[in-house]
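One structure is given below, encoded as C-alpha coordinates.
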Amino acid sequence: LLLQNLARATRRLAAGTAGDLKGGLVTGLMCAPIVDSLVKRVDAAGAGAMDVVPIENRFLGASVTTAGLIAGRDIIEQTKSRTPSLRGPLYVPERSLRDGSFIDDVTLREVEEELKAPVIPLDLPGDIVPPKPDA
(Lines give C-alpha, C1' and ligand atoms only; values in the text may rest on other atoms or scores of the structure.)
Protein backbone atom coordinates (compact mmCIF):
# COMPACT_ATOMS: atom_id res chain seq x y z
CA LEU A 1 0.00 0.00 0.00
CA LEU A 2 2.80 2.43 0.88
CA LEU A 3 4.67 1.73 -2.36
CA GLN A 4 1.47 2.17 -4.40
CA ASN A 5 0.83 5.46 -2.62
CA LEU A 6 4.35 6.68 -3.39
CA ALA A 7 4.04 5.60 -7.05
CA ARG A 8 0.79 7.58 -7.33
CA ALA A 9 2.49 10.59 -5.77
CA THR A 10 5.35 10.29 -8.26
CA ARG A 11 2.88 10.30 -11.18
CA ARG A 12 1.23 13.41 -9.74
CA LEU A 13 4.61 15.09 -9.46
CA ALA A 14 5.34 14.27 -13.10
CA ALA A 15 1.98 15.78 -14.07
CA GLY A 16 2.91 19.01 -12.28
CA THR A 17 0.00 18.98 -9.82
CA ALA A 18 2.00 19.30 -6.62
CA GLY A 19 2.25 23.04 -6.20
CA ASP A 20 4.69 24.27 -3.57
CA LEU A 21 5.09 21.62 -0.88
CA LYS A 22 6.85 22.57 2.34
CA GLY A 23 7.27 21.05 5.75
CA GLY A 24 8.39 17.84 7.38
CA LEU A 25 7.12 14.29 7.01
CA VAL A 26 7.31 12.38 10.31
CA THR A 27 7.88 8.65 9.99
CA GLY A 28 9.26 5.74 11.92
CA LEU A 29 12.81 4.56 11.34
CA MET A 30 11.66 1.54 9.31
CA CYS A 31 10.09 3.59 6.49
CA ALA A 32 12.38 6.61 6.62
CA PRO A 33 14.44 5.54 3.56
CA ILE A 34 11.26 4.97 1.53
CA VAL A 35 9.74 8.30 2.56
CA ASP A 36 13.07 9.95 1.79
CA SER A 37 12.79 8.70 -1.81
CA LEU A 38 9.48 10.59 -2.14
CA VAL A 39 11.01 13.75 -0.68
CA LYS A 40 13.87 13.55 -3.18
CA ARG A 41 11.31 13.28 -6.00
CA VAL A 42 9.47 16.35 -4.68
CA ASP A 43 12.75 18.26 -4.63
CA ALA A 44 13.77 17.01 -8.10
CA ALA A 45 10.39 18.01 -9.56
CA GLY A 46 10.83 21.53 -8.19
CA ALA A 47 7.60 21.04 -6.27
CA GLY A 48 8.83 22.30 -2.93
CA ALA A 49 11.19 21.67 -0.07
CA MET A 50 10.18 18.77 2.15
CA ASP A 51 12.20 17.13 4.91
CA VAL A 52 11.97 13.61 6.27
CA VAL A 53 11.74 13.57 10.05
CA PRO A 54 12.56 10.03 11.23
CA ILE A 55 11.53 9.45 14.83
CA GLU A 56 13.23 6.95 17.11
CA ASN A 57 10.67 5.33 19.38
CA ARG A 58 11.96 6.05 22.86
CA PHE A 59 8.53 5.54 24.43
CA LEU A 60 8.28 1.84 23.53
CA GLY A 61 11.96 1.22 22.77
CA ALA A 62 14.27 1.55 19.80
CA SER A 63 13.31 -1.88 18.45
CA VAL A 64 9.83 -0.49 17.62
CA THR A 65 10.35 1.22 14.27
CA THR A 66 6.85 1.51 12.80
CA ALA A 67 5.24 4.91 12.24
CA GLY A 68 1.93 3.84 13.75
CA LEU A 69 3.41 3.59 17.25
CA ILE A 70 5.19 6.95 17.40
CA ALA A 71 4.64 8.83 20.66
CA GLY A 72 3.80 12.51 20.80
CA ARG A 73 6.56 13.23 23.31
CA ASP A 74 9.10 11.56 20.97
CA ILE A 75 7.95 13.83 18.13
CA ILE A 76 8.27 16.90 20.34
CA GLU A 77 11.69 16.01 21.73
CA GLN A 78 13.17 14.99 18.39
CA THR A 79 11.79 17.80 16.23
CA LYS A 80 11.71 20.85 18.50
CA SER A 81 15.11 22.09 17.41
CA ARG A 82 14.31 21.40 13.73
CA THR A 83 10.86 23.01 13.52
CA PRO A 84 12.03 26.46 12.34
CA SER A 85 14.03 24.91 9.49
CA LEU A 86 11.06 22.90 8.18
CA ARG A 87 9.50 25.98 6.54
CA GLY A 88 6.00 24.59 6.90
CA PRO A 89 3.73 22.16 8.73
CA LEU A 90 4.76 18.90 10.29
CA TYR A 91 2.88 15.98 8.74
CA VAL A 92 2.39 13.01 11.07
CA PRO A 93 1.13 9.50 10.32
CA GLU A 94 -2.62 9.38 10.90
CA ARG A 95 -2.12 5.79 12.08
CA SER A 96 -0.18 7.08 15.08
CA LEU A 97 -3.30 8.83 16.41
CA ARG A 98 -6.33 7.47 18.18
CA ASP A 99 -9.06 9.98 18.99
CA GLY A 100 -6.60 12.85 18.51
CA SER A 101 -3.92 11.45 20.84
CA PHE A 102 -0.69 9.56 20.34
CA ILE A 103 0.13 6.30 22.14
CA ASP A 104 1.50 8.25 25.13
CA ASP A 105 -1.75 10.28 25.47
CA VAL A 106 -0.09 13.46 24.18
CA THR A 107 -2.64 15.18 21.95
CA LEU A 108 -2.10 16.53 18.46
CA ARG A 109 -2.83 19.99 19.82
CA GLU A 110 -0.18 19.63 22.54
CA VAL A 111 2.39 18.74 19.88
CA GLU A 112 1.38 21.82 17.87
CA GLU A 113 1.64 24.04 20.94
CA GLU A 114 5.07 22.69 21.93
CA LEU A 115 6.46 22.96 18.40
CA LYS A 116 4.71 26.24 17.60
CA ALA A 117 3.84 24.84 14.18
CA PRO A 118 0.82 23.23 12.52
CA VAL A 119 0.77 19.44 12.77
CA ILE A 120 -1.32 17.71 10.12
CA PRO A 121 -2.22 14.00 10.08
CA LEU A 122 -1.74 12.18 6.75
CA ASP A 123 -3.00 8.71 5.91
CA LEU A 124 0.12 7.91 3.86
CA PRO A 125 3.21 10.00 3.01
CA GLY A 126 2.36 10.23 -0.69
CA ASP A 127 -0.88 12.03 0.20
CA ILE A 128 1.22 15.17 0.55
CA VAL A 129 1.06 15.42 -3.26
CA PRO A 130 -2.49 16.48 -4.13
CA PRO A 131 -4.43 15.02 -7.06
CA LYS A 132 -4.91 17.11 -10.16
CA PRO A 133 -7.94 19.36 -9.63
CA ASP A 134 -10.92 18.70 -11.87
CA ALA A 135 -11.12 21.17 -14.72
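The values are calculated or read from the model by the stated rules, or taken from the named source; none is laboratory data. None of the values given here were measured: they were computed from a predicted structure. As a convention, Cβ positions derive from the backbone with ideal geometry for all residues, glycine included, and neighbour counts pool all protein chains shown.
If we keep just the residues of region 10-28 that are closer than 19 Å to LEU86 by Cβ and of a type in the set (A, V, I, L, M, F, W, C), which is modelled with the lowest pLDDT? In this case the residue turns out to be ALA18.
Name the residue that is farthest from LEU21 (Cα to Cα), counting only residues in region 47-89 that are touching a strand residue (DSSP E or B) at 6+ places or on another chain (Cβ under 8 Å) and of a type in the set (Asp, Glu). Within region 47-89, the match that is farthest from LEU21 (Cα to Cα) is ASP74. Annotation for region 81-89: at least one member residue is in contact with a Pro (Cβ under 7 Å, 6 or more places away or on another chain) and either aliphatic (A, V, I, L, M) or within 17 Å of ASP123 (Cβ to Cβ) (or both). For region 94-115, indicate whether the set of residues that are under 13 Å from the mean Cα position of the chain (by Cα), modelled with pLDDT of 85 or more and crowded, with 20+ Cβ neighbours inside 10 Å is non-empty. Yes, region 94-115 contains at least one residue that is under 13 Å from the mean Cα position of the chain (by Cα), modelled with pLDDT of 85 or more and crowded, with 20+ Cβ neighbours inside 10 Å. Any idea which residue in region 33-59 is modelled with the lowest pLDDT, counting only those that are out of contact with any helix residue (DSSP H, G or I) (no Cβ under 9 Å at 6 or more places or on another chain) and not in a loop (DSSP other than H, G, I, E, B)? By that ranking, first place goes to ASP43. Listed conditions (1) at pLDDT below 90; (2) in contact with an Asp or Glu (Cβ under 8 Å, 6 or more places away or on another chain); (3) of a type in the set (A, V, I, L, M, F, W, C) are all met by ALA7, apart from (2).
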